[in-house]
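Down below is the structure, laid out as structure tokens.
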Amino acid sequence: MMLKQILSPAEKTAVKKMLDDAQNVVITCHTSPDGDAIGSSLALWEYLTRKGKSATVIVPNYFPDFLKWMNGADRIILYDRNRALSRNLFNRADLIVALDYNEPSRLDEETTPFGYSNAKKLMIDHHENPERFCDLQISRSKLSSTCEVLFRVLDSIGELSNLNKHGAEDIYAGMCTDTGRFSYNSNDPEIFYIIAELMKKGIDKDKIVRNIYNQNTEGRYRLMGYILLEKMQIVSELHAAYYAITKEELQRFKYIKGDMEGVVNMPLEIKGMKVVIALREDTEKEQINVSIRSVDDFPANEMAERFFNGGGHFNAAGGRLFCSLDEAMQITLAAINAYRDRLL
Ligand code: 5GP
Ligand code: MN
């Protein structure tokens, strides 16, 4: 079986030339990197390193411990901790790659070297409505993950043989995390063809899943229990749920970054539920982080744009509010009520 081609002939030539011509590559991904961001970054890093390039992954800030098993994760540079070194690498780069984000603002605003650099810029991503900020943008919002886009790009330019086992592990990890272990956004049969190709590289997919998912802290499980028991509010008539959690509550459960990852999906497993909105006070900044998850035809991203200064995917979106948690709860209720007709 041959994968459907996602690149036009012109794009194929352009991306091949960009990667061939580059000598010093800086690979970037979005703030608070997730499995797809880190997976695609390290997979590309593996590939470029194998091709004899000097490549560095610079991410805006901390990424979760459950991604640190990946080969090369210990060599990732955190921009917010290594500004001078990062700027230097950005300045020396002749190619900067933007992975898993569709607008430069998804980097921290301080990650400005991106904008100022004279390097060529290549974007590979799967978020809707990309801004134009790179010389070449390979943006495919119908695909499960940036890792899937990257796999298809390597396949298109005939470079799959230069994807090593580590790179295959990284791509599997990104596809797996962006689809909830292939439980959503994963109805394209070619996804399973891609997995088969990755497995031929020798990956142990079961171990990857354990490495990613069976790494919870005790605090996370107690926090989940607390949220489900004490905090979750259900508007049963509208098939909606929401919860709000304060900094103090997070501290009580010895919260570390990532502990809330995926918790927003849990109320969605209640029978009939259509949308879940999670509000979380940021532990560092004066803001409330908003996560929205939905099923079927409920537009989480539209709700995020209209009410929460955000956006995202159709069924998974996010945003932020700059007000008290009480006011944020009012906004949340207003948002749910605004969609009353679609939620009934
Ligand atoms: P999360 O709830 O995990 O923070 O975010 C869910 C999804 O929404 C992620 O795919 C993320 O990329 C997207 N997202 C979060 N905030 C924003 C935003 O401000 N703008 C856009 N376009 N997407 C966002
Ligand atoms: Mn992604």
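The values are calculated or read from the model by the stated rules, or taken from the named source; none is laboratory data. As the structure is a computational prediction, the values presented were derived from the model and not from experiment. All Cβ positions, glycine included, derive from the backbone under ideal geometry; neighbour counts span all protein chains shown.
Annotations for the structure displayed:
- Scanning region 171-224 for residues that are surrounded by 17 or more Cβ atoms within 10 Å (Cβ to Cβ), modelled with pLDDT of 95 or more, out of contact with any Ser or Thr (no Cβ under 7 Å at 6 or more places or on another chain) and under 16 Å from Gly262 (Cβ atoms) turns up Ala173, Cys176, Thr177, Asn211, Leu223, Met224.
- Complete set of residues in region 282-296 that are buried (at least 20 other Cβ atoms within 10 Å of the Cβ) and touching a Leu at 6+ places or on another chain (Cβ under 8 Å): Ile288, Asn289, Val290, Arg293, Ser294
- Strands (runs of 3 or more DSSP E) wholly inside region 241-344 that include at least 1 residues being within 16 Å of ligand 2 (Cβ to nearest atom): 288-294, 316-321
- Wholly enclosed helices (runs of 4 or more DSSP H) of region 146-223 bearing at least 2 residues within 16 Å of ligand 1 (Cβ to nearest atom) and in contact with a Leu (Cβ under 7 Å, 6 or more places away or on another chain): 146-156
- Consider region 313-339 and keep the residues that are crowded, with 19+ Cβ neighbours inside 10 Å and under 17 Å from the mean Cα position of the chain (by Cα). The one that is nearest to ligand 1 (Cβ to nearest atom) is Gly318.
- Residue within region 16-36 that is within 16 Å of ligand 1 (Cβ to nearest atom), in a helix (DSSP H, G or I) and under 15 Å from the mean Cα position of the chain (by Cα) present: yes
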